[in-house]
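Engineer: Right, I'll just put the structure down here and ask away after.
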Amino acid sequence: MEKLQQGDLQTFELLLRALMSPNNDALTQSQTTLEQLQQNGDLAAQHFVQALRRSQSAELKNMAAVLMRRVREMTPLPFPRSFFSRNIDYQRL
């Protein structure tokens, strides 16, 4: 978790890979880590955007986009959700 708090992309990519793992132990541990990361919304957002922009793996970019959307849907926002419903071309990120 310490490297995640420092904004390390490689560590976040490992977390994303673990979230796609068929191994239940790895999946459970990575879900717990993601929940801890979500406690700091700014840091979580930074990781998701960084993965979308800098990851070399399309699979990891897709996973980051899906998770970012789920987190956003579960987080109360100070302005209307329609503000965020614009079409985003993730390939350009």
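The values are calculated or read from the model by the stated rules, or taken from the named source; none is laboratory data. Predicted model, so just to flag it, every value in this text is computed and none were measured. Reconstructed Cβ throughout: ideal geometry from the backbone, glycine too, with neighbour counts over all protein chains shown.
Engineer: Evaluate the following for residue 5: is it out of contact with any Cys (no Cβ under 9 Å at 6 or more places or on another chain), loosely packed, with under 14 Cβ neighbours inside 10 Å and modelled with pLDDT of 85 or more?
Structural biologist: Working: out of contact with any Cys (no Cβ under 9 Å at 6 or more places or on another chain): yes; loosely packed, with under 14 Cβ neighbours inside 10 Å: yes; modelled with pLDDT of 85 or more: no.
The answer is no for residue 5.
Engineer: Further question: Could you please find all residues in segment 10-63 being exposed (fewer than 15 other Cβ atoms within 10 Å of the Cβ), in contact (Cβ under 8 Å) with a residue 40 or more places away in the chain and not in a helix (DSSP H, G or I)?
Structural biologist: Across segment 10-63, the qualifying residues are 20, 57.
Engineer: Among the residues of segment 47-64, are any farther than 15 Å from residue 17 by Cβ and among the small types (Gly, Ala, Ser)?
Structural biologist: There is no residue in segment 47-64 that is farther than 15 Å from residue 17 by Cβ and among the small types (Gly, Ala, Ser).
Engineer: Right, here's the next one. Could you list, in sequence order, the residues of segment 64-93 that are in contact with a helix residue (DSSP H, G or I) (Cβ under 8 Å, 6 or more places away or on another chain), surrounded by 11 or more Cβ atoms within 10 Å (Cβ to Cβ) and at pLDDT below 85?
Structural biologist: Answer for segment 64-93, where residues must be in contact with a helix residue (DSSP H, G or I) (Cβ under 8 Å, 6 or more places away or on another chain), surrounded by 11 or more Cβ atoms within 10 Å (Cβ to Cβ) and at pLDDT below 85: 71, 72, 75, 84, 90, 93.
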